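Chemist: Following this message is one structure expressed as structure tokens.
The values are calculated or read from the model by the stated rules, or taken from the named source; none is laboratory data. The shown structure was predicted, so the numbers you read here are calculated from the model rather than taken from an experiment. Neighbour counts are summed over all protein chains in view; Cβ atoms, including those assigned to glycine, are modelled from backbone coordinates with ideal geometry. Protein only, heavy atoms only, side chains kept; ligands, DNA and RNA dropped before computing areas. Shrake-Rupley method; radii C 1.70, N 1.55, O 1.52, S 1.80 Å.
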Amino acid sequence: MTDCRAVLVTGAGSGIGRAIALHLAGQGFTVFAVGRTAATLADLTGEGGERIIPVTMDVTDEGSVAGAMTQIASHLDGGSLYAVVNNAGISVTGPIERVPDADWRAQFDTNVFGMMNVTRAVLPQMRAAGEGRVVNISSVTGRLAPPFMGVYAASKHAVEGLSDALRREVKQFGIKVSVIRPGFVNTGFGDQEQAGLEPYMQEGEPYRDSLIKFSRWHHDKGHKAAPPPHCVAVEVERALTDKSPRTRYSAPRKALWLIAARNFLPAPLVDAVTARITGIS
Ligand SMILES: NC(=O)c1ccc[n+]([C@@H]2O[C@H](COP(=O)([O-])OP(=O)(O)OC[C@H]3O[C@@H](n4cnc5c(N)ncnc54)[C@H](OP(=O)(O)O)[C@@H]3O)[C@@H](O)[C@H]2O)c1
């Protein structure tokens, strides 16, 4: 059975968001696919057909979000969005001590405040409709913070906390909130993370030696060795269609093991295993 309800997907121009948009359109959903520029969305509509409607929006800019919502409302012609998939995100990497405030702020502006800008904009119509789904893309790092990814992990821990509180607040309106925790997935995210590490691997940087090892592990065993993003899209579909959606979904399978280790092993053991796996012990 196809499902033609309307879903807004942010960060749909690439990687996981693109896979989500295409998969949901394939299941019959009407997808408002958000990107920062029309150019990144152009071939998406070609591939996904008329069920994908491109919308430009910068999630960090409230004016841009409001403009996009007006555009979406005119498409829906009195109808409302059934769901939002908050997927847009960036990753700031580097040692906690060395990453400048401006980069911390950019991280939280996109992954946390950007997510809330979009969520605030869609909740009134979901409350009025008496139903809706909010799906927030977190990460395994929202539960388990690896070294040199602390800024990103902090933003995803924030996503986890705000999602729990939001779920408890909006249940009374028939709105359900789920978090997706992807592990490593093969997208361009890895290149962004590698580039972020480079300044801290220069001569004279205090974390240089361990960062070089970490970077090698991240390059060889991280995103490039990971499965494509379709596996995450399938979990998003479950969060949208399960009658009683779970609070957490994860993909690929390896992510479940990492989260279980974090949940059940003592912290010193998790520290030791993390150091060993990433090569910095
Ligand atoms: N790949 C992984 O291994 C992995 C693992 C765990 C979690 N995640 C999460 O999955 C999500 C998607 O990541 P990805 O791997 O698909 O990386 P990606 O290909 O870099 O996608 C990120 C998307 O976010 C969009 N974006 C960034 N800042 C934005 C802003 N201010 N306004 C609107 N859109 C913005 C980007 O749009 P532009 O094209 O305009 O830059 C891009 O389409 C992120 O939340 C990430 O934290 C990824």
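Chemist: Assuming a viscosity of 0.692 mPa s and a temperature of 37 °C, what translational diffusion coefficient in µm² per second does Stokes-Einstein assign to the range 7-53, Rh being the Kirkwood radius over Cα pairs?
Modeler: The calculation lands on 333 µm²/s.
Chemist: With an 8 Å cut-off on Cα pairs and a minimum separation of 6 or more residues, tell me the relative contact order of the chain in percent.
Modeler: In percent, rounded to a whole number, it is 18.
Chemist: Take every Cα-Cα distance within the range 35-176, group them into 10 Å bins from 0 onward, and report for each bin the whole-number percent of pairs it holds.
Modeler: So the P(r) values, bin by bin, are 11, 35, 34, 17, 3, 0.
Chemist: Binning at 5 Å from 0, report for the range 95-141 what percent of all alpha-carbon pair distances ends up in each bin.
Modeler: 5, 17, 20, 19, 15, 10, 8, 4, 3, 1
Chemist: Still on this structure, I have one more. To the nearest 20 debye, what charge dipole does the chain have about its Cα centre, counting +1 at the Cβ of each Lys and Arg and -1 at the Cβ of each Asp and Glu?
Modeler: Around 1080 debye, computed over the chain.
Chemist: Moving to a separate point now. State the Kirkwood hydrodynamic radius of the range 225-281 in Å, one decimal place, computed from all pairs of distinct Cα atoms.
Modeler: Hydrodynamic radius (Kirkwood, Cα pairs) of the range 225-281 is 13.3 Å.
Chemist: From zero outward in steps of 5 Å, how is the percent of C-alpha pairs of the range 102-222 spread across the bins?
Modeler: Using 5 Å bins, I get a P(r) of 2, 10, 17, 20, 16, 12, 9, 6, 4, 3, 1, 0 for the range 102-222.
Chemist: Mind running the shape call on the range 179-279? Use the C-alpha gyration tensor, a ≥ b ≥ c as the square roots of the eigenvalues: rounded below 1.5 for a/c, prolate if a/b tops b/c, oblate otherwise.
Modeler: Oblate shape, in that a/c is at least 1.5 and b/c is the bigger or equal ratio.
Chemist: Something else now. Taking every DSSP beta bridge that has both residues in the chain, what percent is antiparallel when rounded to the nearest 5?
Modeler: Bridges in the chain that DSSP calls antiparallel: roughly 0 percent.
Chemist: Determine Rg/Rh for the chain; Rg is computed over alpha-carbon atoms and Rh is the Kirkwood hydrodynamic estimate from the same atoms.
Modeler: Rounded to two decimals, Rg over Rh is 0.98.
Chemist: Here is a further query. Please compute the Kirkwood hydrodynamic radius over the range 1-106, one decimal place, Å, based on all pairs of different Cα atoms.
Modeler: One decimal place: 14.6 Å for the Kirkwood radius.
Chemist: Hey, another quick one. So if I take the centroid of the Cα atoms in the range 228-281 and the same for the range 1-50, what is the distance between those two points in Å?
Modeler: Cα centres, the range 228-281 to the range 1-50: 25 Å.
Chemist: Whenever you get a sec, compute what percent of the accessible area on the chain sits on carbon and sulfur atoms (1.4 Å probe).
Modeler: Of the solvent-accessible surface of the chain, carbon and sulfur hold 54 percent.
Chemist: So, one more: Over the chain, give the accessible area per residue in Å² for a 1.4 Å probe, as an integer.
Modeler: Ligands and nucleic acids excluded, the result is 47 Å² per residue.
Chemist: Also, quick follow-up: Take each of the peptides 59-71, 253-265, 28-40, average the number of other beta-carbon atoms within 10 Å over its residues, and list them starting from the highest.
Modeler: Packing order, densest peptide first, comes out as 28-40, 59-71, 253-265.
Chemist: From a point 7 Å beyond the Cα of Ala42 in the direction of its Cβ, which residues of the range 18-36 have a backbone N at a distance under 16 Å?
Modeler: 35-36
Chemist: Could I ask something else about it? Modelling each spin label as a point 7 Å along the Cα-to-Cβ direction, I'd like the Asp103/Ala129 distance in nm, to one decimal.
Modeler: 4.0
Chemist: Here is a further query. Sticking with the crude label model, points 7 Å out along Cα→Cβ, report the distance from Gln172 to Asp220 in nm, one decimal please.
Modeler: Spacing of the two 7 Å Cα→Cβ label points: 5.5 nm.
Chemist: Then there is this: What do you get for Rg/Rh of the range 70-109 when both radii come from the Cα atoms and Rh is the Kirkwood radius?
Modeler: On the Cα set of the range 70-109, Rg over Rh gives 1.31.
Chemist: Which of the GluC sites (Glu not before Pro) found in the range 164-240 are loop residues per DSSP with 10 or fewer other Cβ atoms within 10 Å of their Cβ?
Modeler: Glu203
Chemist: Counting pairs of alpha carbon atoms under 8 Å apart in space and at least six apart in sequence, what relative contact order in percent does the range 39-173 give?
Modeler: The normalised contact order for the range 39-173 reaches 26 percent.
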